[in-house]
1. How far is residue A:230 from the same spot in each other copy, in nm, shortest first, if each label point sits 7 Å from Cα toward Cβ?
2. Expressed in whole Å with the largest first, what are the equivalent ellipsoid semi-axes of segment A:234-363 derived from the C-alpha gyration tensor as the square root of 5 times each eigenvalue?
3. Let me see the pair-distance distribution of segment A:138-240: every alpha carbon pair, 10 Å bin width, integer percents in order.
4. Using only alpha carbon pairs under 8 Å that are at least six residues apart, calculate the relative contact order of segment B:4-358 and give it in whole percent.
5. Distance from a point 7 Å along Cα→Cβ of residue A:142 to each backbone N in segment A:11-53: keep the residues under 20 Å and list them by number.
6. Mind checking B:215-223 for the average number of partner chain beta-carbons within 10 Å of each residue's beta-carbon?
7. If R₀ is 35 angstrom, what is the calculated FRET efficiency for the pair residue A:53 and residue B:177, using the beta carbon separation as r and rounding to 0.05?
8. State, to one decimal in nm and shortest first, how far the label point of residue A:97 sits from each corresponding label point in the other identical copies (label point: 7 angstrom along Cα-to-Cβ).
């Protein structure tokens, strides 16, 4: 059974070029103080002029855009196949009239990368969400005709108003019709104020460790509360980072829905698909949670047939410069071994079998 | 073995009187449109004049302040002993010069309530956190001499700058010295903007189900990152709602700390007590998570000897008007039965044994 990584990002050359052409977040910039290294600055909070340019954002090297490095990383970690996706912030920032063409170019670029390594690479496509809905729908249809695409990656912003926006319905309808799964991934985090006045002392820890997962949880909860899955019963979503915090909070979410006075008044507490039903019918979870405790909760919430191995490459690189194994990857491998010790079949499903089945990979 | 509820709130008469005397959040108000029912409005978002007064905040009835109703609720649900605590927002909003006296009065009021029902009631005290540190420290010392207090309840704001504020050190020192546990409870939630433009359609669901737990998680992570537990190795904290999301995110938090460039530069990734160590040494979790999935994660993170049954009474009242059992309580009982089926000793510990041992209850 192959090992398949469903959470692994690429900034293909077309996209890096686009980011280099910009001078506001998100962008790639080489500062005069360090002419040999470029910085990738994607979050508004990272572009504070008070921060030395050499610690703004993160260094961007070939592991971000050189597909040969992705393959080398896969070989190092015994990963047979990767389903690559553009990393955040995708094309959310583009003016409406530029988005359609940019998405097409980037998706074609990625399709070309996949074609170079038969059997090793598949992809989730990028949508031109700032373009008119018909442009987005057309790209979804086109992606379904390309050999290596198996869904799309989306942030939590949707068309700008979140994933509970009814204006997304034609897009959800097209994704359902063409059987393209949504890989839902955070980017915007939470307002900096929530981390308090000393947050900078803790580097990126609070936004990355807590803000990202909650962003995902809010987004998927809004989809659920707005009835997306009542209207699109076959719309499938793969949640990044094992669902953010959804497996842990599903019981509280369900309880809060049942007890809510406003929802009760509007007849919305009864006759609905509950959180657990949607977790076991429409939601898949990656296994990127870095602990046995977390992974077991994800497993208990979704079932062993809905969990999929991932790495979040190229983020969280090795802790020591000369290390070959990535600690972040090994942490997720260990969590899987520990969680499924004694059930080799389930372990293999999570490591690759589920991805092959769910994404219809020709391996 | 008794059943002990460690998460159960009271607005003692002294406190209700204080809230009735106010006309901005937090306050209790009777609107002319509904002269027979009072509303408790505690969150800024709940006081929108656009919301009809009869759905602002929540109705406040005797279950909030009448201790006889607490006892009746306990009897109905076979709870032997409750460790009652003032509900949010405590005294966080009071001017500095009023806080000390108010805390004293409220704590004395609660001590009196406990004395009325020997063996049935203990309490977590309320601190005058807006008062000078020495006033707070004095109240901590005084609480340690009162018969029924076993710790203090605190929100996430501390002295106004969060629980990673070094100005809290004398207070943490006093709590450690007098062996008073902190019951850490959310109140402030997250800014309304994070829930998107349609949030009002979902009642209180998003802030209650997701904002509260994340607030707790951020607060405890800030304590940890600022080294509170390196300075106060015996400071114990009971986290509301099974830790917010800490059990699920502990692996990601630990991984983000290890990988953080800024923390690495400052030598703060090594030689520190890690998240798991603190979870098993300084942190207790209540069992208020409404699902087996969540409770098992809490158990796996903290151990069966650190989980404590709770109800969150008087919040989440019965779903049907004539129901005697509270659905919210039964959900937590069921999660405990399911999680510990086959391990009666552990179930009894979580239901009461741990509370008796940890809080030194004379039962």
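Every number here is computed from the coordinates shown, using simple stated rules; none is lab data. From a predicted model like this one, the values you see are computed outputs, not experimental measurements. Counting neighbours? That spans all protein chains shown, and the Cβs are built from the backbone with ideal geometry, glycine included.
1. Once sorted, the set of distances for residue A:230 reads 5.2 nm.
2. Gyration-tensor ellipsoid for segment A:234-363: 32, 17, 13 Å.
3. Per 10 Å bin, starting at zero, the Cα-Cα P(r) for segment A:138-240 comes out as 14, 41, 27, 13, 4, 0 percent.
4. 15
5. What the label zone holds, given the 20 Å backbone N cut-off, is A:11-19.
6. 4
7. For residue A:53 and residue B:177, the calculated efficiency is 0.15.
8. The projected label point of residue A:97 is separated from its counterparts by 6.4 nm.
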